[in-house]
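Data first, discussion second: the structure below is written as C-alpha cells.
The values are calculated or read from the model by the stated rules, or taken from the named source; none is laboratory data. All figures in this text were calculated on a predicted structure; none of them were measured in a lab. Methodologically, a virtual Cβ is constructed for each residue, glycine included, from the backbone with ideal geometry; neighbour enumeration extends over all protein chains shown.
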Amino acid sequence: MKVDLAKSSDEDLVKKVVENPDHLTFLVDRYWQKLFWFVKRMSYFSSEDIEDILQEVFIKVYKNINSFDDSYRFSTWVFQITRNTTIDAIRKNSVRPQEVGLEQDDLKMIFSENGIGIEEQMINKEKLKEAEKIINSLPLKYREVMILKFLEEKNYEEIMDIVKKPKGTVASLLNRGKTIFLEKAKTQKLILDI
C-alpha cells in the first residue's frame, strides 16, 4: 500500500525525509508559499531575492533535518530558520532601502479587530498606503513579531520559538509595536484618538 506523502503530517514527512532526502520536495511544496510571504512581509527583498533566501533555507533544512528536535513543531523550526536567514540577508544588504512588501489585505488583517482594531477607520486606500509607510518605519524587532502574530497567525509559543525570546518579551514587543504604530498614525491623522 502506497502512502500519499502530500497528505502526511509534517512530523511524518520529516521522518520520511530522514529516510529518503528526495521526500524533501513535499516539505518544500508545503511551505514555499507561506515562507515566501513571510519573508516578503518582513523584508524589502525582490521576489528573486526571496527565492534565493528560500533556497538557502531549504538547503539548511536538508543539512540539519537529522538534528531536528521533534519536541518542536516543524513549522516553528522552518520559520525560525527562515527568520534567521532573512535577518542575515538584511544585514548583508543593509545599504538597500528598507521597505517591506505588504499587500492591502495584509494591512487590513493587521488593523482588524484581531490586530490593532482600527480597520474601519483605515479603509481608505491612501490611508492604507500611509499606514504601510508607518509599518515600514517600525524597527525590525517590532515589525517581525507583528507579522508573525497578525499575518502568519502564530501563537505566542510559536513566536517565542521563532524569535528565541521569552513570552513576556514577545508580548512587550507586540504591545510596543502597536503603541508606536498608533502614536504615529494619530500624529499623521490617519486615525482618530481611540
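May I ask you to verify whether residue 150 is in a helix (DSSP H, G or I), modelled with pLDDT under 80 and buried (at least 18 other Cβ atoms within 10 Å of the Cβ)? Yes, satisfied.
Select from region 1-37 the residues that are within 24 Å of the chain's Cα centre (by Cα) and over 16 Å from residue 74 (Cα atoms) and list them in ascending order. Once the filter is applied, which keeps residues that are within 24 Å of the chain's Cα centre (by Cα) and over 16 Å from residue 74 (Cα atoms), region 1-37 yields 36, 37.
Among 168, 117, which is the only one that is at pLDDT 80 or above and over 15 Å from the mean Cα position of the chain (by Cα)? Spell out the reasoning first.
Numbers: 117 fails: at pLDDT 80 or above.
Answer to the selection: 168.
Would you say residue 49 is more than 14 Å from residue 86 (Cβ to Cβ) and either assigned by TED's automatic domain parsing to the domain that holds residue 140 or among the acidic types (Asp, Glu) (or both)? In short, no. Listed by position, the helices (runs of 4 or more DSSP H) enclosed by region 1-66 that each have at least 3 residues that are farther than 24 Å from residue 154 by Cα are 10-19, 47-64.
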